[in-house]
């Protein structure tokens, strides 16, 4: 368990030190792998470097010392922003990935000015300031990206360089339009509500509050109050073991999931006791460090519970996972802050059920695991596997979820926590959502899996699992599988199963899932590397026949977790 400031510092350095051999001579190229993304190599190199700032900036701001890393960062900034240097990071286009990476550099200029900005020569400062200002001259996606420009303009303002007051205010007002209620923001025009609410929008708004508390007290206080309200619901996304809910996109950022609480500490926002917040952060980081997330060279990998490109987004470059270093924001806390001497405490006592309508979810906190029941609309941003990451009936911290290898056949589709229709050999699941409501004790959705099929689904969770009721109106006859959670089936898990006339249970050393209904019980094998937590897993399911006309299906899902 991480405890002292020294522990957290050493943890950070153990994560980033393995990248040192992969820097170029002038440090503006960091080549960590050969996989591709939608943007070019220069942005990939800049990304790998800039994301280290998320950890090193608080390290230096909080009194950490490393001449070697300081020289690496200084040289990278000098080379990467010099248009005449061979390692120049390149010019810009609208929605350029390099605008994302500017935010971390701005973070350094705001909080570690003496380390990041002051050592540069006058010419290097001019180059860097001009480079960063370009974010004001191009179009940005209307989502969390606009807050990158907010940080950049704040940083330029701090070092007394030209900045855009107009764009700063414009983007702050746009962020305000993302707010839904009860502390929840949606990620801009996408409408999605996921970890971008916490590790992006709230994180940056709290940084704004720290920097601008005296100059803009009203807005800063508003950001703090919203964070305090949000935390009381967001805590349901973490179980007692430190595991976070696998849900939504950008899961490869891993321990950034808890970075919101680190930002709260910086902004003097205490929705829970210092001891409880330390427990949330320390358990979460420790939980990740026990997983197979590093390669043999010690580099962070693309994936989630293990290296996995199947679940990756189009913007997951080899250096992308280091965005998770945002969790180390707490290293800025002074040495005498109570966080460093506090003993990590367990989660506060939480009622089991939490209705979170602004998050489009019903949450059930069982203690040693958490289940989320989404009922919100989701869009298809083109990043990959949107249906799997947003459209399932339930997501759980213990069982994880599957992404599909293809929609040909039930096994490649791997539709855990889905009602999967098989038409002409292809698998169709909840994807076109017409209606969605989160009520006090249940969710209700209306959705179209395939032309001529319309489904109303009601899900009611309880202390042992949940009940599903589906009313299916179909113009065709077909088979359908109502699938439970997938159960880890690696060699070390000792997975097994048992069936009765109307139920099937899959169990292993630490968990089990039983699915019951008036159909045929089945164990579904899945393609390896499709579950985000486990390399191999099996899915319990009940197979039903759908006839033309109206059909009603009642399925029960019971779970047990031992950890």
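Here are a few things to note about the model shown:
- Nearest-0.05 FRET efficiency for residue 406 and residue 306, computed from C-beta distance (R0 25 Å): 0.75
- Label-point separation in nm, residue 68 to residue 545, each point 7 Å along Cα→Cβ: 6.9
- Full extension of the chain segment joining residue 275 with residue 34 gains 82.5 nm, where the gain is 0.36 nm per residue of separation less the Cα-Cα distance.
- Take every Cα pair under 8 Å whose residues are at least 6 apart in sequence, average their separation, divide by the length of the chain, and the relative contact order is 12 percent.
- Burial ordering of 539, 506, 16, fewest other beta-carbon atoms within 10 Å first: 16, 506, 539
- Between segment 401-474 and segment 21-85, the alpha-carbon center distance in angstrom: 44
- Potential extension, residue 463-residue 118 segment - 0.36 nm per residue separation minus Cα distance: 118.5 nm
- Efficiency of FRET between residue 562 and residue 502 - r from beta-carbon atoms, R0 30 angstrom, step 0.05: 0.75
- Prolate/oblate/rounded call for segment 353-561, Cα gyration tensor, a/c under 1.5 rounded: rounded
- Projected-area average for the chain over all orientations - Cα convex hull basis, square nanometres: 24.2
- Here the contact order of segment 48-112, divided by its residue count and restricted to Cα pairs under 8 Å and six or more residues apart, works out to 52 percent.
- Rounded, prolate or oblate (a/c below 1.5 giving rounded, otherwise prolate when a/b exceeds b/c) for segment 1-153 by Cα gyration tensor: rounded
- Computed [θ] at 222 nm, helices only, for the chain once each DSSP H run of length n ≥ 4 contributes -39500 (n - 2.57): -9000 deg cm²/dmol
- Packing, taken as the mean count of other beta carbons within 10 Å per residue, orders the peptides 208-220, 69-81, 50-62 from highest to lowest as 50-62, 69-81, 208-220.
- Most tightly packed first, judged by the mean number of other beta-carbon atoms within 10 Å of their residues, the peptides 278-288, 5-15 read 278-288, 5-15.
- Cα→Cβ-extended label distance, 7 Å offset, between residue 134 and residue 95, nm: 1.9
- Of the peptides 146-153, 115-122, the ranking by mean beta-carbon count within 10 Å, highest at the top, reads 146-153, 115-122.
- FRET efficiency for residue 14 and residue 335, using Cβ-Cβ distance with R0 set to 25 Å, rounded to 0.05: 0.75
- Summarising the label geometry, the points placed 7 Å from Cα in the beta-carbon direction at residue 177 and residue 477 lie 5.2 nm from one another.
- Relative contact order of segment 5-341, pairs being alpha-carbon contacts under 8 Å that are 6 or more residues apart, as %: 22
- Shape of segment 119-198, Cα gyration tensor, a/c cut at 1.5: prolate
- Counting beta carbons within 10 Å around each of 114, 560 and listing the fewest first gives the order 114, 560.
Each reported figure results from applying straightforward, stated rules to the coordinates on display, with no laboratory input. On a predicted model such as this, the values are computed, not experimentally measured, just so you know. Cβ coordinates were reconstructed from backbone atoms using ideal geometry, including for glycine residues, and neighbour counts include every protein chain displayed.
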